[in-house]
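Student: The structure under discussion is supplied below as structure tokens; questions concerning it will follow.
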Amino acid sequence: MWVLSRDMQQITFRAISIIWTFFATITLAAQENVYSAQSIKSEIRNFRIYYPVNKTALYPNYMSNAQNIDTIRRYLAESPRIDSIVVFSYSSPEGPYTTNSRLSKERGKTAKRFIMSLMPADRQLPDSIIHLRPEAENWQGLREEIVANYHLGDRDRVLEILDSDIANEEKKARLKRLSGGKAWRHIIKTIMPRLRYATWISVWQPILPELPPAEIVKEVPSANLRRIDTVFVPAPEIIFEPETEMEPMLSVKTNLLYDLFYMPNYGFAPAPNIKVEYYPRNSRWTFAGEYDFPWWKKDSKHKYFQILNWQLEARRYFKHDGTHTQHYLYGYLMTNLYDIGFDKEKGWQGEGYGLGLGYGYALPLGEKSKWKLDFNIQLGYLLSNFDPYHAGQPYYGKYYYDWYGPIDSFKRRNQRLHYFGITGVGVSLSYDLLWRDKKYKLKNNGYGK
């Protein structure tokens, strides 16, 4: 799809404004009071609101936002008439395209709500005059910033990659390899923050054939056009609260591999389990607790599969966008008790303790779905104290520990297992059960901390 550069976009809007002015002049000339064509003005103003990485809310103290908000407020209050506003929103190119596309759309929506919140109550803008143009990845802006602000020795090579006729993902890959990754790290640190913004262009014209009775009218000696001078009174404290956005707070999940568990010599032996994961606000870290509770027995066959297992996890997701998806690492602590018997000749009873590390990947099942598939594997150390046992011969409903020493020296849990290796594998179905509001406010006369 053909996308205009920012310069071409501004030229296009200036052309539209001139055409609009021409037809407005013809219309006014047909009225009883003829106005001077030179007195009809049009103006295009360009403002920017910057966003931190992976954020769609407005942070007033980020970069130059505080100064820009002041300028925007004064402009909206003093402009006699606003004909239309077009909001272009962007993301920096370093992340996946699907994420960048979503970020640019949400940033445009935030900018629109913010603009409307700044208007006085008696001069609210119709929703229809504010148009959104999400542009996803800001590659044109990246090139302009490289030309203006990149001063490393491989600058020409960076521009050559940006100008090459290859896919954007390949451009990213080549930039990451350039100079051993130094160029890409420098770009992310110094240039990418200036590419994440929503910019809006306002086209306005002070054409006022009728005067509202509450306005102050002054005659302009040099022309027949009457102009309204609006008295600007500083607005009271403005609280900007965008439309309610929701973020997940708590998910529940079950490990399908355990639910469909099969044991040799035992057959189908489902191991029901549940895990709860809590998502703190605005954090890569989450905390989870798991409980596994298969409690099956078949006395006639001397078969037992009884396990109670508890596990606590602290996870850290690589992706920091509030969705808690894709790659993550975690540490865990676990404890359990068990009674496992395959037949009348062999069974084990004991307790275990363990700790270790794990890796996982959370795959969303749809762009805005509450469902995910969570794949994980964990390695660690397990210490188990246990006793082997067997059924009596003949069997009268009693089992005996496998102990052949003096009875006085017998102690329960007299055997110990030290194990290091895989301690868990999962393919879990996850559902985001509880959600909470995302609330961002501008306080203290329009600025927040």
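The values are calculated or read from the model by the stated rules, or taken from the named source; none is laboratory data. Computed from a predicted model, the values in this text were never measured in an experiment. Cβ: placed from backbone, ideal geometry, glycine included. Neighbour counts: every protein chain shown. What goes into the accessible areas is simple: the full protein's heavy atoms, side chains included, and nothing from ligands, DNA or RNA. Shrake-Rupley method; radii C 1.70, N 1.55, O 1.52, S 1.80 Å.
Student: Got a number for residues in region 339-374 being within 20 Å of Thr254 (Cβ to Cβ) and either in contact with a His (Cβ under 6 Å, 6 or more places away or on another chain) or surrounded by 15 or more Cβ atoms within 10 Å (Cβ to Cβ) (or both)?
Tutor: Going through region 339-374 one residue at a time, the tally reaches 8.
Student: Looking at region 270-277, can you tell me whether even one residue there is over 25 Å from the mean Cα position of the chain (by Cα) and crowded, with 18+ Cβ neighbours inside 10 Å?
Tutor: yes
Student: Before we move on, is Leu250 aliphatic (A, V, I, L, M), touching a residue at least 40 places away in the same chain (Cβ under 8 Å) and out of contact with any Pro (no Cβ under 8 Å at 6 or more places or on another chain)? Write out each step before concluding.
Tutor: Values: aliphatic (A, V, I, L, M): yes; touching a residue at least 40 places away in the same chain (Cβ under 8 Å): yes; out of contact with any Pro (no Cβ under 8 Å at 6 or more places or on another chain): yes.
Yes; evaluated as a whole, the condition is true for this residue.
Student: Moving on to the next point. How many residues are open to solvent by 50 Å² or more (accessible area, probe 1.4 Å), in contact (Cβ under 8 Å) with a residue 24 or more places away in the chain and farther than 30 Å from Lys55 by Cβ if we restrict to region 278-296?
Tutor: Qualifying residue count, region 278-296: 1.
Student: All but one of (1) part of a strand (DSSP E or B); (2) under 25 Å from Tyr304 (Cα atoms) hold for Gln393, so report the exception by its number.
Tutor: The one condition Gln393 does not meet is (1).
Student: Can I ask one more? Pairs please, first residue from region 51-63 and crowded, with 20+ Cβ neighbours inside 10 Å, second anywhere and modelled with pLDDT of 85 or more and in a loop (DSSP other than H, G, I, E, B), Cβ atoms under 7 Å, 6+ apart in sequence or on different chains.
Tutor: Short answer, once both residue conditions are applied: Tyr51/Arg196.
Student: For region 137-166: of the residues being within 27 Å of Asp83 (Cβ to Cβ) and out of contact with any strand residue (DSSP E or B) (no Cβ under 6 Å at 6 or more places or on another chain), which is most open to solvent (accessible area, probe 1.4 Å)?
Tutor: Going through the qualifying residues, I end up with Gln140.
Student: Let me ask you something else. Output the number of the condition that Tyr353 fails; it satisfies all remaining conditions of (1) touching a Pro at 6+ places or on another chain (Cβ under 7 Å); (2) hydroxyl-bearing (Ser, Thr, Tyr); (3) closer than 27 Å to Tyr262 by Cα.
Tutor: For Tyr353, the failing item is (1).
Student: Taking region 98-129, which residues are under 12 Å from the mean Cα position of the chain (by Cα) and among the hydrophobic types (A, V, I, L, M, F, W, C)?
Tutor: Leu103
Student: Next question. Could you look through region 71-92, keep only residues that are assigned to a loop (DSSP other than H, G, I, E, B) and not hydroxyl-bearing (Ser, Thr, Tyr), and pick out the one that is surrounded by the fewest Cβ atoms within 10 Å (Cβ to Cβ)?
Tutor: We begin by selecting, within region 71-92, every residue assigned to a loop (DSSP other than H, G, I, E, B); these are 79-83, 92.
The next check asks that each one be not hydroxyl-bearing (Ser, Thr, Tyr); those that pass are 80-83.
Values: Pro80: 15, Arg81: 11, Ile82: 21, Asp83: 18.
Filtering region 71-92 for residues that are assigned to a loop (DSSP other than H, G, I, E, B) and not hydroxyl-bearing (Ser, Thr, Tyr), the one surrounded by the fewest Cβ atoms within 10 Å (Cβ to Cβ) comes out as Arg81.
Student: Can I ask one more? Would you point out the residue of region 253-269, among those that are open to solvent by 40 Å² or more (accessible area, probe 1.4 Å) and in contact with an Asp or Glu (Cβ under 9 Å, 6 or more places away or on another chain), that is modelled with the lowest pLDDT?
Tutor: Asn265
Student: Let me ask something else. Which condition from (1) within 27 Å of the chain's Cα centre (by Cα); (2) open to solvent by 30 Å² or more (accessible area, probe 1.4 Å) is the one that Lys172 breaks?
Tutor: (2)
Student: Of everything in region 93-136, what is buried (at least 16 other Cβ atoms within 10 Å of the Cβ), at negative phi, outside any helix (DSSP H, G or I) and modelled with pLDDT of 85 or more? Give them in sequence order.
Tutor: Passing the criteria: Pro93, Ile130, Leu132, Arg133, Pro134, Glu135.
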